[in-house]
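These notes are about the structure you will find just below.
The values are calculated or read from the model by the stated rules, or taken from the named source; none is laboratory data. Keep in mind that what you see is a predicted model, and the values were worked out from it rather than measured. We place every Cβ from the backbone using ideal geometry, glycine too, and count neighbours over all the protein chains shown.
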């Protein structure tokens with residue numbers, strides 16, 4: 001029984017080995033590119049570090065100020081690091097006013113605005129992106145035009161609508177004789193329940209989805225609402241997170257509108273409640289910063305949980 005020996009690999013000449021080795025000039029070029037890439041990355045990281053430090057300094061100043069004593073707050077030049085850590089500023093600030101009611105009201109209003117916006121803005125965005133009907137482009141251009149209207153220019157018309165709302169607050173059918181929606185949850189929730197920017201963002205996201213999904217769903221017998229709720233909307237989680245976070249933030253930080261339409265402590269929000277520390281004879285900066293820190297914590301936590309979808313949402317907002 002004969003055995004076969006494996007064939008030896010072909011010999012490689014010295015010239016071929018030298019040809020496969022990178023030349024000295026190529027190695028120098030590669031090292032130069034690596035150095036340039038490292039320098040560019042280092043400059044970018046330094047720039048981002050400076051930007052991050054610039055943005056975090058006001059928050060650190062707010063927190064440290066909330067822990068200073070009144071005597072230290074009166075020093076000039078001011079100190080950055082507290083010399084005496086006064087943790088009692090927080091319970092004393094909460095005891096100065098019914099902040100548990102203010103927090104509750106802010107949360108109810110912000111949650112209501114977010115829920116209303118997510119439901120109705122997503123429906124409007126889907127209709128403008130996916131349902132062909134006459135005048136759709138004109139409606140969309142009107143929504144884009146609404147984005148150019150300054151917020152404070154709408155305050156007076158909205159206030160007049162709320163004040164003269166028919167059949168509410170003692171008003172007759174013509175809106176006369178009473179207070180309308182003033183000092184009520186209607187005035188705090190309904191006017192801020194929907195925004196043109198939310199509709200615009202949802203439309204952009206729905207436009208970015210493939211049409212084949214819609215066609216396949218129609219072949220399976222799905223109606224328009226089921227296509228919207230079961231096929232397309234689960235695919236726009238970044239839009240839901242982005243719009244929800246922005247709406248909650250705007251509603252939570254709203255100051256002027258709740259101040260105009262409410263006078264009762266039972267309906268005041270946290271931003272209006274913080275004004276109790278600003279009096280004519282002076283400002284209690286320690287208590288004010290303590291309350292502001294507590295009012296900022298919910299938004300920071302919400303952003304930390306939603307930042308992935310939030311960044312992705314803004315990155316994809318301009319598609320189509």
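Please list, ordered by first then second residue, the pairs with beta carbon atoms under 7 Å, 6 or more apart or interchain, first in the range 48-68 and on the phi > 0 side of the Ramachandran plot and assigned to a helix (DSSP H, G or I), second at pLDDT 90 or above and surrounded by 15 or more Cβ atoms within 10 Å (Cβ to Cβ).
Within 7 Å, no pair qualifies.
For residues that are assigned to a loop (DSSP other than H, G, I, E, B) and either under 18 Å from residue 208 (Cα atoms) or touching a residue at least 40 places away in the same chain (Cβ under 8 Å) (or both), tally how many sit in the range 128-158.
Of the residues in that region, 3 qualify.
Let's see how each residue does on (1) under 21 Å from residue 260 (Cβ atoms); (2) modelled with pLDDT of 90 or more:
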| site | (1), (2) |
| --- | --- |
| 66 | no, no |
| 81 | no, no |
| 84 | no, no |
| 96 | no, no |
| 107 | yes, yes |
| 141 | no, yes |
| 147 | no, no |
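For the range 160-202, what are the residues that are surrounded by 15 or more Cβ atoms within 10 Å (Cβ to Cβ), assigned to a helix (DSSP H, G or I) and within 26 Å of the chain's Cα centre (by Cα)?
186, 187, 188, 189, 196, 197, 198, 199, 200, 201, 202
Residue 78 versus (1) free of Cβ contacts under 8 Å to residues at least 60 places away in the same chain; (2) part of a helix (DSSP H, G or I): which is the lone unmet condition?
(2)
Just one of 59, 38 is over 30 Å from residue 274 (Cα atoms), out of contact with any strand residue (DSSP E or B) (no Cβ under 7 Å at 6 or more places or on another chain), surrounded by 10 or more Cβ atoms within 10 Å (Cβ to Cβ) and at pLDDT 80 or above; which is it?
38
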